[in-house]
Every structure is written in structure tokens, then in C-alpha cells.
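Notes for the one structure printed next.
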Amino acid sequence: MTPALDIKGLSSGYGEALVLRDLSLMIQPGEIFALLGKNGMGKSTLLKTIMGFLPVRQGHIQLAGNRTANLPPYRMARRSVAYIPQEKALFQDLTVLENLKLVMPDTAAIKAELERTARWFPVLQKRVHQRAGTLSGGEQKMLLMVRAMLPKQKLMLIDEISEGLQPSMVDAVSDVLRTERASRDVAILLVEQNVPFVSSVADRFSVLKQGEIVASGSMADADASAVIDRQLSV
Ligand SMILES: Nc1ncnc2c1ncn2[C@@H]1O[C@H](COP(=O)(O)OP(=O)(O)O)[C@@H](O)[C@H]1O
Ligand SMILES: [Mg+2]
């Protein structure tokens with residue numbers, strides 16, 4: 001099987017400073033992969049590098065078997081990569097519907113997607129004409145999820161979606177991700193610090209420490225949560 005994402009020997013950073021050193025990881029289609037690590041370890045830097053916001057210094061990134069070679073973010077999006085950044089990334093003065101139209105102009109398709117996802121995120125359907133900036137933080141994250149799922153991408157990069165979400169919403173996100181993975185074989189790279197959440201949803205994990213992977217395993221391993229907890233506590 002051709003991996004959805006294959007990263008080999010990746011180094012990346014800001015200016016002269018390297019944040020990621022010789023990082024390798026592979027995700028298969030239909031797999032949910034969790035990358036865990038404390039603040040400042042380089043998790044967001046990795047997603048920004050994959051998405052093309054930061055240049056690859058060394059190593060390479062392949063999407064479905066094709067080298068990406070420093071493509072800009074909009075071209076990564078055209079290659080079926082969805083990115084849910086950690087920071088607020090909506091047009092605050094545009095409505096829910098207008099924010100979604102920026103990625104998919106077809107209003108009927110948007111309404112259908114809001115209908116499909118209403119069992120998890122009913123509030124968005126009720127607030128299509130409300131400005132995004134007036135939604136709560138959690139509701140804005142739901143909108144980011146729907147925006148990422150709308151174009152039916154092959155790879156989703158998700159940066160700390162569970163941060164600050166109430167437990168029922170974290171459960172809803174778990175459910176959405178499992179459904180997406182099962183129904184259309186999307187590969188998901190989940191950057192997280194929330195161990196119970198990733199334990200409920202991920203297939204495999206790695207722990208990132210100061211830009212390097214220090215532990216990896218299958219979430220089905222009996223000691224997976226213990227390994228992660230230990231790595232996150234030191
Ligand atoms: N725009 C930036 N310019 C310079 N250094 C940055 C920038 N963004 C992040 N860093 C540094 O890169 C390191 C990794 O940050 P980041 O990838 O955001 O970590 P994480 O997402 O794991 O919390 C940190 O030391 C951080 O200070
Ligand atoms: Mg981060």
C-alpha cells in the first residue's frame with residue numbers, strides 16, 4: 001500500500017534555528033496517527049512544514065507516493081491535504097456559510113455537509129448566517145472541522161483540536177474522526193496532548209521531544225497510555 005504521508009529524515013525550523021531534526025514517520029490511508037508532545041516540542045512546526053508554510057531543510061515529504069518539494073499551502077490543499085491549525089483561523093467577520101464557501105462555493109453541498117454533521121455539531125446548522133467571530137471557541141473549532149472535511153481530502157492535519165473543548169465535544173470529535181476514517185479511508189495526523197482522547201481514537205502514536213521522536217507504538221499495546229504518560233511527564 002502506498003502511504004498517504006511518508007516523511008523521511010525531515011529537518012525544519014525558523015530562520016537559522018532548527019526545531020525538527022531527522023524526523024521520520026509514515027501514515028497509511030485510513031489510519032489515525034497521534035503525535036504527542038508537551039508545549040514547544042515542535043508539533044505545530046511539523047504540521048506547518050508538511051502544509052508548506054515552512055520550508056523543508058533536509059529530508060523529504062511524500063504524499064501518496066509523490067514528493068511535495070516545498071509546494072506552497074494552496075497547492076498542498078489541491079493535493080487533498082486539509083489543515084486545522086491550532087490558532088484561530090476563520091474569517092471572524094464572515095458568517096459560518098461564507099467561511100465554508102471559501103473552500104467550496106456550492107451552497108447545496110455545504111448545506112448537505114452541515115446536515116450530515118448535524119448529529120455531532122448541530123449548532124452550526126442553526127447558525128449558518130451568524131458571524132464566525134460570534135461563535136464560542138468550541139463552536140469555531142467545529143466550524144474548522146467541517147471546513148476541513150468539506151472538500152473530502154485524503155489527509156487531515158489536526159493541531160490540538162481537543163484543547164479547551166468540553167468533554168462532550170471531545171467525544172463528538174472522536175466519533176467524527178472514526179466515521180471519516182471508516183467511510184472514506186482518510187489518513188489523519190492528530191497532534192495532541194490529550195492522552196485519553198488519542199487513546200480512544202488513534203491507531204498508532206509517537207511522542208515528540210525537542211524535535212525528535214522518542215517513543216512510538218500501537219495504541220492497542222497494553223502499555224501504550226503508560227508509555228505516553230511517562231514520556232509526557234519527564
Ligand atoms: N514563528 C516562530 N519563530 C521562531 N520560533 C518559533 C516560531 N514558532 C515556534 N517557534 C519555536 O519552535 C519551537 C517549537 O514550537 P511549536 O512547533 O509551536 O511547538 P508545539 O506545537 O509542540 O507546542 C519552540 O521552541 C518555539 O518557540
Ligand atoms: Mg502547537
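Derivation of every value follows stated rules applied to the coordinates shown; laboratory data play no part. All of these numbers come straight from a predicted model, not from anything done at the bench. When we count neighbours, we look across all protein chains shown, and the Cβ atoms used for this are built from the backbone with ideal geometry, even at glycine.
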task = Scan around Ala34 for amide H atoms under 5 Å from its own, H built in the peptide plane at 1.01 Å from N, and keep only partners 5 or more places away or cross-chain.
result = Leu190, Asp203, Arg204, Phe205, Ser206
inquiry  = Cut-off 18 Å, label point 7 angstrom out along Cα-to-Cβ of Ala112: give me the residues of the range 154-168 whose amide nitrogen falls inside.
reply    = 154
ask   = FRET efficiency for Arg131 and Ser218, Cβ-Cβ distance as r, R0 = 45 Å, nearest 0.05?
value = 0.55
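At 0.36 nm per residue, minus the direct Cα-Cα distance, what do Ala226 and Lys209 gain on full extension? Give it in nm, one decimal, please.
Computed gain between Ala226 and Lys209 is 4.5 nm.
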note = Simple SL model, points at 7 angstrom along Cα→Cβ for Glu87 and Ala64; separation in nm is 3.0
request  = Could you let me know the centre-to-centre spacing of the range 113-149 and the range 25-62, using Cα atoms, in angstrom?
outcome  = 26
query = If you rank Arg131, Arg119 by fewest surrounding Cβ atoms within 10 Å, what's the result?
reply = Arg119, Arg131
query = According to a simple spin-label model (label point 7 Å from Cα along Cα-to-Cβ), what is the distance in nm between Asp171 and Lys38?
reply = 3.1
query = How about Lys111: which lysines have a C-alpha closer than 19 Å to its C-alpha, ignoring those fewer than 8 places off in the same chain?
reply = Lys101, Lys126, Lys141, Lys152
